[in-house]
1. How long is the gain from Thr342 to Ser310 if the chain were fully straight, where each residue apart is worth 0.36 nm and the alpha carbon distance is subtracted?
2. Could you work out how much longer the chain between Glu215 and Glu44 gets when fully extended? Use 0.36 nm per residue separation minus the Cα distance between them, nm to one decimal.
3. Return the FRET efficiency for the residue pair Glu449, Ser287: r is the Cβ-Cβ distance, R0 is 30 Å, and the value is rounded to the nearest 0.05.
4. Using 1/(1 + (r/R0)^6) with R0 = 30 angstrom and r between the beta carbons of Leu467 and Leu404, what's the FRET efficiency to the nearest 0.05?
5. Which order do peptides 421-427, 66-72 fall in by mean Cβ count within 10 Å, highest first?
6. Short version: ³J(HN,Hα) in whole Hz for each residue of the range 79-84, in order, from phi by Karplus 6.51 cos²θ - 1.76 cosθ + 1.60 (θ = phi - 60°), x for Gly and Pro, what are they?
7. Residue by residue through the range 196-209, what is 3J(HN,Hα) from phi via Karplus (6.51 cos²θ - 1.76 cosθ + 1.60, θ = phi - 60°)? Round to whole Hz and write x for glycine and proline.
8. Sorting check: for 33-44, 430-441, 380-391, which peptide has the highest mean count of neighbouring beta carbons within 10 Å, and how do the rest follow?
Amino acid sequence: MPGENEARELPYSHHPGYYFEVRFFTIHPILREVAVLFGERDREVCLVGGAVRDMLRGRKAHDWDLATNATPEEVTDIFRNARPRARVIPTGLRHGTVTVLYKGWSVEVTTYRTETDYSDGRRPDSVRYAESIEEDLSRRDFTMNAVALRLPAGKRVDPFGGEADIKAKVIRCVGDPVQRFAEDGLRPLRAVRFAAQLSFGIEERTLAAIGGALETSAKVAAERVKDELDKIIASGKPSAAFLLMERTGLLGLFLPELAVCRGVEQKGSHRFDVLDHSLMACDFAASKGCTAEVRFAALFHDVGKPGVQSLDETGERTFHQHDAESARIARDVLFRLRFPNTFVEQVCHLVAEHMFHYTDDWSDAAVRRFVVRVGRENLPAFYQLRRADTFAKAGSEPPPDYLLPLIDRVEKILAESQAFTLKDLAVSGRDLMAMGIAPGKTLGKILNELLEAVLDDPDLNTKDTLLEIAEKLMGKFCQTSTSSV
């Protein structure tokens, strides 16, 4: 049951579990049509996988996976002769799978199969077509995913007690968990991901088998690990997965930089060590519906602290420059896991600049520089990350007016000022070249100096004024260049 197998628990309430007993299923009309097409060829077809699991939980199914005793060639023939004719894509013929595009719907259809040997720790070396849906279900990972509905009527096929496990909110391997995890090293990560997504617990034998499968899990491609982490981060409570990953060794395997944050204590207003603080910040971002970039930034915003920690003269632990180090580590981790470049840069920008501390004595110029530094378009994300970081210090939500003085100042400055980037200046590089400044580093330096001047005093942003300042700067930079020769 939930909570029985969790070594740690963060100090705030879990999301409630849910289960709706479902006695009758409403089978979508398209699935009924598809079943008729198979029946006309004397072939059976079943709805399998996550769609059935979701229906048993009283949730709407979004993706349809079908299993059948028809071969891929027969499936292709069935749909190419259907009216209207469907498009059939051979997305996984080696494993008996085709994707059917029928009346605007996408359906993945796989022939009943069994699998043998998994030398790469991920995919079977050979696939053999099976005779029955029961035999096909026996190869699946967890009992909750090993329930099928015979179409078109929707009669359940549940040889491993998957429906009972769904009702009990338990993740349990089909058969021997050691064997299941030895077959596919991604399955342990899927188990903890499902725990976070569904608010389920992991059955004890299944959980215990994860540690022994780490060598196999290490063979999983980075892209597949990324996909699972994306789903964990998108869940309502990511820490549920990360704490299980820590307990089983998966965190040290896939995110060792995060694992070493355990036991790194923080003083002052912090009640928790760096790992729990980071997980709580990530959970807070998830609970507020923040973007994936903000959630990952919350997860990694302090990941550099173990490497920069030191003791000051009073014996207090300090973490100077941890923001820069955290951004560097986050970049390494995300690139290692094959995240897109633009995503990585956005996350790392949030991490690198998360340590802003607003006080009422900030000048208008300081506020303008803050906007320039973080980026006008990124302001909401930085506010969200700051609230998450503050929440995770003591596990209590900041008051509604937290950051409001800064937000009000920023909004006022944005309404009054228009120059926040080089493009906003009243002069351009061409204007400066026209007055004799050659393209190159000096031109760039002068433009940046002009922007700094305008940030200090927006009234300077006129063409005549900036050209006058540029002429003085040109003399200064030329003199500096000559003296350095």
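Taken together, the values in this text are just the output of simple stated rules run on the coordinates, not laboratory data. Keep in mind that this is a model prediction, so the values were computed, not measured. When we count neighbours, we look across all protein chains shown, and the Cβ atoms used for this are built from the backbone with ideal geometry, even at glycine.
1. Between Thr342 and Ser310, full extension yields 8.2 nm more.
2. Numbers: separation 171, 0.36 × 171 = 61.56 nm, distance 3.90 nm.
Result for the pair: 57.7 nm of gain on full extension.
3. Once the sixth-power term is evaluated, E becomes 0.10.
4. Values: r = 40 Å, r/R0 = 1.34.
The value I calculate is 0.15.
5. Peptide ranking by packing, descending: 66-72, 421-427.
6. Coupling constants for the range 79-84: 7, 6, 9, 6, 10, x Hz.
7. Whole-Hz 3J(HN,Hα) from phi for the range 196-209: 6, 5, 9, 6, 9, x, 9, 4, 4, 5, 5, 5, 5, 7.
8. Values: 33-44: 16.6, 430-441: 12.4, 380-391: 21.2.
Ranking the peptides 33-44, 430-441, 380-391 by packing returns 380-391, 33-44, 430-441.
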